[in-house]
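Taking it in order: structure first as structure tokens, then the write-up.
The values are calculated or read from the model by the stated rules, or taken from the named source; none is laboratory data. As the structure is a computational prediction, the values presented were derived from the model and not from experiment. Virtual Cβ from ideal backbone geometry, glycine too; neighbours counted across all protein chains shown.
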Amino acid sequence: MLQQISESELVLMNIIWKNGGIALYSFIMDELEKDRNEWKKNTVLTLLSRLIDKKFLKTNKIGRRNEYAAVVTQQEYQAMQTHRFLDRIYGGDVKNLVSTLLQEDIISSGELKEIEDFWNAQKQRRNGADYD
């Protein structure tokens, strides 16, 4: 199982994911600057190094430049974090999570209906109902 990543590491992963999963160091720095993030070069290099150590990124040399490639997709990371959250906060009980979302008006009944429709479509696809 993958390790946790810090909020700062997640900032860098989001930049790389938004760029199709691959980014040059210079691109990452430009994006940080656009967001008015004033991290120093050494800070960014340390965070990128940690992400490589944690197996979230790999690096390729392009001449003298480093290209960083995501090993983990954003969807894989979100799924992992969702499972961790569900296990830690709700003891793995999805029904309690959904109940909280509804009771606290975090999700509307219309959104719940959309999720139900999505779920039914996924079930049909898995059962081969979409294939004639």
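Looking only at segment 87-96, decide whether some residue is among the aromatic types (Phe, Trp, Tyr) and without any contact (Cβ under 8 Å) to a residue 40 or more places away in the chain.
Checking segment 87-96: at least one residue is among the aromatic types (Phe, Trp, Tyr) and without any contact (Cβ under 8 Å) to a residue 40 or more places away in the chain.
If I filter segment 101-113 for residues that are without any contact (Cβ under 8 Å) to a residue 12 or more places away in the chain, assigned to a loop (DSSP other than H, G, I, E, B) and in contact with a helix residue (DSSP H, G or I) (Cβ under 7 Å, 6 or more places away or on another chain), do I get at least one hit?
Yes; the residues of segment 101-113 include at least one that is without any contact (Cβ under 8 Å) to a residue 12 or more places away in the chain, assigned to a loop (DSSP other than H, G, I, E, B) and in contact with a helix residue (DSSP H, G or I) (Cβ under 7 Å, 6 or more places away or on another chain).
Hey, can you tell me all the residues within segment 106-122 that are farther than 17 Å from LYS95 by Cβ and either β-branched (Val, Ile, Thr) or not assigned by TED's automatic domain parsing to the domain that holds ASN96 (or both)?
None; the set is empty.
Kindly check whether there is at least one residue in segment 56-66 that is charged (D, E, K, R) and under 18 Å from the mean Cα position of the chain (by Cα).
yes
Tell me, please, whether a residue that is part of a strand (DSSP E or B), free of Cβ contacts under 8 Å to residues at least 60 places away in the same chain and surrounded by 16 or more Cβ atoms within 10 Å (Cβ to Cβ) can be found in segment 47-58.
Yes: segment 47-58 contains one or more residues that are part of a strand (DSSP E or B), free of Cβ contacts under 8 Å to residues at least 60 places away in the same chain and surrounded by 16 or more Cβ atoms within 10 Å (Cβ to Cβ).
Any idea which of (1) outside any helix (DSSP H, G or I); (2) of a type outside the set (Asp, Glu); (3) at pLDDT below 95 is the one ALA69 doesn't satisfy?
Unmet condition: (3).
Is segment 64-77 home to any residue that is over 17 Å from TRP17 (Cβ atoms), touching a strand residue (DSSP E or B) at 6+ places or on another chain (Cβ under 8 Å), of a type outside the set (D, E, K, R) and touching a residue at least 40 places away in the same chain (Cβ under 8 Å)? Let's see the steps before the verdict.
Taking segment 64-77 and keeping what is over 17 Å from TRP17 (Cβ atoms), we get 64-66.
Filter once more, so that each one left must be touching a strand residue (DSSP E or B) at 6+ places or on another chain (Cβ under 8 Å): 65-66.
Applying the additional criterion that residues be of a type outside the set (D, E, K, R) yields 66.
Now restrict to residues that are touching a residue at least 40 places away in the same chain (Cβ under 8 Å): 66.
The answer is yes; a qualifying residue exists.
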